[in-house]
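Asker: Attaching a single structure in structure tokens format; questions to follow.
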Amino acid sequence: MKRWSMLLGVVAWVLVAASAASAQQMIPPGGSQFNPPPPAPPPPPRIEVPVVPQMDAPPRLPTVHQPPRSSYSDRISNCLDEAAAAGIRPSRRAAYSRACANR
């Protein structure tokens with residue numbers, strides 16, 4: 001009796017192993033054995049550690065980008081035009097334009 005139960009267990013195990021192996025060979029409906037395998041999944045995104053500010057490091061000051069300053073003669077011309085538009089007398093325009101252009 002013990003021999004029959006052992007034989008029955010071996011046969012059952014062989015049948016289970018055979019059915020598992022045949023399940024891997026199954027072709028899905030509408031598929032073909034000649035279809036290429038699906039592409040590999042994309043790589044996971046890179047995880048970067050953020051920069052931690054140091055307690056003893058000096059604070060970074062923001063930089064201000066100013067447009068380049070125009071030439072001195074252009075600034076004098078603009079100041080003379082402003083002085084004339086403001087109604088400053090011609091004898092005072094030279095002093096005004098110098099002070100205006102040096103700002």
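The values are calculated or read from the model by the stated rules, or taken from the named source; none is laboratory data. Source: prediction; values computed, not measured. We place every Cβ from the backbone using ideal geometry, glycine too, and count neighbours over all the protein chains shown.
Asker: Residue check, A84 against (1) among the aliphatic types (A, V, I, L, M); (2) in a helix (DSSP H, G or I); (3) at pLDDT below 90, all met but one. Which one?
Answerer: Every condition holds for A84 apart from (3).
Asker: Still on this structure, I have one more. If the requirement is being over 30 Å from I27 (Cβ atoms), under 47 Å from the mean Cα position of the chain (by Cα) and in a helix (DSSP H, G or I), which of these qualifies: R98, R60, R46, R75?
Answerer: Of R98, R60, R46, R75, the one residue that is over 30 Å from I27 (Cβ atoms), under 47 Å from the mean Cα position of the chain (by Cα) and in a helix (DSSP H, G or I) is R75.
Table: residues versus (1) small (G, A, S); (2) in contact with a Phe, Trp or Tyr (Cβ under 8 Å, 6 or more places away or on another chain).
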site	(1), (2)
L61	no, no
Q66	no, no
N78	no, no
A83	yes, yes
A86	yes, no
R89	no, no
R92	no, no
A99	yes, no
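Asker: Return the pairs, sorted by first residue and then second, in which the second residue is aliphatic (A, V, I, L, M), the first residue lies in the range 55-78 and is loosely packed, with under 10 Cβ neighbours inside 10 Å, the beta carbons are less than 9 Å apart, and the residues are 6+ apart or on different chains.
Answerer: Final answer for the pair search is S73/A101.
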